[in-house]
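Chemist: Can you keep this structure in mind? I'll have questions shortly.
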Amino acid sequence: SRAPSPRYGAKKRADELIAFSYHHLHRVHSVGLRLFTVYGPWGRPDMAAYIFSRAVELGEPLTVYNGGAMKRDFTYVDDIVAGIAASMQFCSRRPTVFNLGNNEPVGVLDFIRVIERVLKKRAVLTYKNSTSEIDATYADISKATRLLQFSPRTSIDRGMERFAEWY
């Protein structure tokens with residue numbers, strides 16, 4: 001397995017290792033879920049969909065890092081909920097970790113263009129470099145598809161339209 005470089009990923013991996021340890025020592029059964037860039041109504045205000053939409057709506061500058069070359073696997077909340085519900089029915093003798101994501105990374109600048117379209121406003125962009133941003137997040141959902149029948153259905157366009165209606 002590849003070593004996670006950002007601190008965020010390292011903490012996630014440590015949690016998974018603790019779950020495996022509890023299983024080994026105490027036979028605690030568990031399912032771990034790796035959620036990829038969840039967005040939608042009632043989403044966290046510290047996530048990109050909310051931060052970017054707020055900046056576009058208010059006409060405030062939106063900082064784009066590394067020229068906007070990054071990609072994120074934005075996943076609509078209803079698709080995540082379906083994956084969580086399916087994982088609650090999963091039984092295994094070993095702790096299992098599933099990736100729940102959209103399986104289609106979207107460029108950050110493309111994501112901003114979707115926000116501009118749904119809010120009918122132009123973004124004011126500023127650019128900065130960052131060494132703490134990873135190039136891309138991508139959920140390999142093949143195991144979740146095979147064992148949970150997980151299949152995200154919400155496109156970024158439709159998901160952001162629903163988010164904008166709520167916002």
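The values are calculated or read from the model by the stated rules, or taken from the named source; none is laboratory data. Predicted model, so just to flag it, every value in this text is computed and none were measured. Every residue, glycine as well, gets a Cβ built from its backbone with ideal geometry; the counts of neighbours run over all protein chains shown. Each accessible area value is taken on the protein alone, full model and side chains, heavy atoms only, with ligands, DNA and RNA left out. Shrake-Rupley method; radii C 1.70, N 1.55, O 1.52, S 1.80 Å.
Chemist: With log10 I(q)/I(0) by the Debye sum over Cα atoms at q = 0.10, 0.15 Å⁻¹ defined as stated, name the option among (1) -0.43, -0.88; (2) -0.36, -0.82; (3) -0.46, -0.81 computed from the structure displayed.
Modeler: Identified label for the calculated read-out: (1).
Chemist: I'd like the distance separating the alpha-carbon centroids of segment 1-78 and segment 92-167, in whole Å.
Modeler: Between the Cα centre of segment 1-78 and that of segment 92-167, the gap is 10 Å.
Chemist: I've got another one for you. Take the Cβ-Cβ distance between Y50 and L17 as r, set R0 to 22 Å, and report the resulting FRET efficiency rounded to the nearest 0.05.
Modeler: Given R0 = 22 Å and the Cβ-Cβ separation, E is 0.10.
Chemist: Heavy atoms only, probe 1.4 angstrom, no DNA, RNA or ligands counted: give me D157, D140 ranked by accessible area, highest first.
Modeler: Result, largest first: D140, D157.
Chemist: Can I ask one more? Could you size up the charge dipole of segment 49-99 around its Cα centre, putting +1 on the beta carbon of Lys and Arg and -1 on that of Asp and Glu, and report it in debye to the nearest 20?
Modeler: Charge dipole, segment 49-99, about its Cα centre: 360 debye, nearest 20.
Chemist: Tell me, what is the percent relative contact order of the chain, built from C-alpha pairs under 8 Å that lie six or more residues apart? Mind showing how you got there, number by number?
Modeler: Numbers: 254 pairs, mean separation 53.1, N = 167.
That works out to 32 percent.
Chemist: Placing one identical point scatterer on every Cα of segment 100-166 and ignoring solvent, what is log10 I(q)/I(0) from the Debye formula at q = 0.18 Å⁻¹?
Modeler: -0.86
Chemist: Let me ask you something else. By how many degrees, 0 to 90 and rounded to 10, does the Cα axis of helix 7-26 deviate from the longest principal axis of the chain?
Modeler: For 7-26 against the chain, the angle is about 20 degrees.
Chemist: Under 5 Å between amide hydrogens, which residues at least 5 positions from F150 or on another chain qualify, with H placed 1.01 Å from N in the peptide plane?
Modeler: T145
Chemist: In addition: If you restrict to DSSP beta bridges whose two residues both lie in the chain, what percentage is antiparallel, to the nearest 5? Working shown, then result.
Modeler: Working: 2 of 15 bridges.
The antiparallel proportion sits near 15 percent.
Chemist: Next question, about the same structure. Could you check how much of the accessible area of the chain is carbon and sulfur, as a whole percent, using a 1.4 Å probe?
Modeler: 53
Chemist: Taking only Cα atoms, what is the 0 to 90° angle, nearest 10, from helix 48-58's long axis to the longest principal axis of the chain?
Modeler: Relative to the chain, helix 48-58 is tipped by roughly 20 degrees.
Chemist: For the chain, what is the calculated [θ] at 222 nm in deg cm²/dmol (nearest 500), taking -39500 (n - 2.57) for each run of four or more DSSP H residues and dividing by its residue count?
Modeler: Here the helix-only value at 222 nm equals -13500 deg cm²/dmol.
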